[in-house]
Amino acid sequence: MAYNVFTIVLAAASVLSIATNMNATSGVRSTNPESRRIFRAQAIFCWSYPIASILRIGGIGIITYRFDLSCTATAVLYNFVVPLLLGIIYWLGAGTFNDKTMLFSGTWMMLLSWSTILLGIPAGYLAMAIVDGGGLLVAAIVSAVLTHHNALTSTENLLQGHQA
């Protein structure tokens with residue numbers, strides 16, 4: 001039952017993510033080479049996580065089978081690799097797009113990837129659920145506030161420039 005719920009939620013999140021990205025980028029065209037480079041970098045970045053996820057799941061499955069790992073060892077390995085890989089992807093995004101929120105999120109996730117190894121099961125799951133998800137929630141709120149603040153500042157600067 002839990003696997004079915006997880007699969008449905010993951011599929012819904014994937015569809016929502018694809019729809020959001022397609023909606024945000026539809027109609028965006030430019031002849032500027034720099035814009036095309038940025039758009040290509042964004043496309044590569046957006047595809048990195050789903051491709052890495054498929055390879056990660058397959059790799060952990062092969063490791064589990066080949067080395068006859070227990071369910072607990074597999075769970076700890078999976079919960080270590082998932083946030084570590086996601087943190088690395090966030091770091092690459094931070095470097096590509098000069099985004100401090102992604103840098104914070106990536107660092108946060110890589111540090112917390114160790115929680116399952118150090119805390120074990122089920123405390124590691126609890127730490128990942130509360131602290132990892134909570135950290136991303138804080139990052140999203142900070143990013144939204146900064147984006148809103150920057151938009152207001154830009155608008156004020158625009159209006160001041162127009163009045164001069």
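Here ILE51 passes the criteria (1) open to solvent by 80 Å² or more (accessible area, probe 1.4 Å); (2) touching a helix residue (DSSP H, G or I) at 6+ places or on another chain (Cβ under 7 Å); (3) among the hydrophobic types (A, V, I, L, M, F, W, C) except the one numbered (2).
Scanning the range 55-74 for residues being basic (Lys, Arg) and free of Cβ contacts under 8 Å to residues at least 12 places away in the same chain gives a total of 1.
The values are calculated or read from the model by the stated rules, or taken from the named source; none is laboratory data. Remember, predicted model here, so these are calculated numbers, not experimental data. Virtual Cβ from ideal backbone geometry, glycine too; neighbours counted across all protein chains shown. Note: areas computed on protein heavy atoms with side chains; ligands, DNA, RNA excluded. Shrake-Rupley method; radii C 1.70, N 1.55, O 1.52, S 1.80 Å.
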